[in-house]
Amino acid sequence: MSEFQALLLGILQGLTEFLPVSSSGHLEIGHALLGVKTSNNLLFAVVVHLATVLSTLVVFRKDILNLIKDLFKFQWNESTIYVSKIVFSAIPVVILGLFFKEEIEQLFTGNLVLVGSMLIITAVLLSTAHFVKKGNGKITFAKSLIIGIAQALAVLPGISRSGATIAAGLLLQTKKDEIARFSFLMVLLPILGAAFLDLAGERIFSNENIELIPLLIGFLAAFTSGLLACSWMIKIIKQGKLIYFAVYCFIIGLIAIFAA
């Protein structure tokens, strides 16, 4: 992987991790278009995902610090309940990651027909969420589990994680700013957990020719673009402009299918 390819893929990851257009789907398309074929694709994916986690931590630093501070009071308070809901929402994706990891990885083989089809499904989800009557509800434990199931479906390349979780929340009549905050915070545990499992596995470092400069460039590009996209996406959700991303996903999905 060249430095330029790492830069483009890093920017692509940072933008699409938060915007409801599927980062995994776009990375698959990006690898296919750029002709990136390297044994360290998995390592690169882990690095740029960690960069977007760092972006989330920076954007929501005040919320996260308040949650941590309240947790150490060791009381069943509002923050403890909120964190419990985040942990509860992670159950579906943890089950998939632990028991179906190899099957999931086999989906990431540059199958543009699959990616395109899943992008069209993302478009349908976003369109449905756009036209449904908006609610003012809060996130309950039941809602957090349903939103967690939506996040688990996003292991498929082309299904947007943020798009699926935000759409699920809006369909459940959740308040816009609340589902935006929950959607971005709930992803921290699965990404960190998946990164730990991958880094703990010897196979990720099986190739001695690890390209450090492209990894660094990809990390910085994903972090910077992730900061911008995360802040932008919060405003987009509040303004109810998801329909534009539905149109985008539908078009890109069709292009991917016909380009396969």
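Along Cα→Cβ, 7 Å out, is where each label goes; now give me the distance between the ones at Arg61 and Phe74 in nm to one decimal.
Inter-label distance under the simple model: 3.0 nm.
What angle, in degrees between 0 and 90 and rounded to the nearest 10, separates the Cα long axis of helix 176-186 from the longest principal axis of the Cα atoms of the chain?
Between the helix axis and the principal axis of the chain, the angle is about 50 degrees.
List the lysines whose Cα sits under 16 Å from the Cα of Lys133, skipping any in the same chain fewer than 8 residues away.
Lys175, Lys176, Lys238, Lys241
Report, to the nearest 10°, how far helix 3-18 tilts away from the longest principal axis of the Cα atoms in the chain, using its own Cα long axis and a range of 0 to 90°.
20 degrees
Put +1 on the Cβ of every Lys and Arg and -1 on every Asp and Glu Cβ in the chain; which of Ile68, Leu192, Thr16 then has its Cα farthest towards the positive end of the dipole?
Ile68
Quote the relative contact order of the chain in percent (integer), defining contacts as alpha-carbon pairs under 8 Å separated by 6+ residues. Before the final figure, lay out each step's value.
On the way: 399 pairs, mean separation 103.8, N = 260.
So the answer I get is 40 percent.
Taking the Cα centre of each part, how many Å lie between the stretch 137-181 and the stretch 210-260?
The stretch 137-181 and the stretch 210-260 have Cα centres spaced 18 Å from each other.
Which ordering of Lys62, Lys238 is given by a fewest-first count of other beta-carbon atoms within 10 Å?
Placing the least packed residue first, the sequence is Lys62, Lys238.
Quick check: the angle from helix 112-131's long axis to the longest principal axis of the chain, C-alpha only, nearest 10 degrees?
That works out to roughly 20 degrees.
How compact and how long is the chain, expressed as Rg and Dmax of its alpha-carbon atoms in Å?
Over the chain's Cα set, Rg and Dmax evaluate to 17.8, 56 Å.
Per DSSP H run of n ≥ 4, the term is -39500 (n - 2.57); total these for the chain, divide by its residue number, and report the mean residue ellipticity at 222 nm rounded to 500 deg cm²/dmol. Write out the running numbers ahead of the final one.
Numbers: 14 runs with 198 residues, N = 260.
Computed ellipticity for the chain at 222 nm equals -24500 deg cm²/dmol.
For a quick check, take a GNM of the chain with Cα springs below 10 Å and name the residue from Leu71, Leu126, Leu220 with the largest mean-square fluctuation.
Leu71
Would you please give the FRET efficiency between Leu254 and Ile95, computed as 1/(1 + (r/R0)^6) with r the Cβ-Cβ distance and R0 = 35 Å, to the nearest 0.05? Each step should come with its number before you reach the end.
Numbers: r = 33 Å, r/R0 = 0.93.
With a Förster radius of 35 Å, E is 0.60.
Only the coordinates and a few stated rules stand behind these numbers; no lab work does. Note that the structure is predicted; figures quoted are calculated from it, not measured. With ideal geometry, Cβ positions are generated from the backbone for all residues, glycine too; neighbour counts draw on all protein chains shown.
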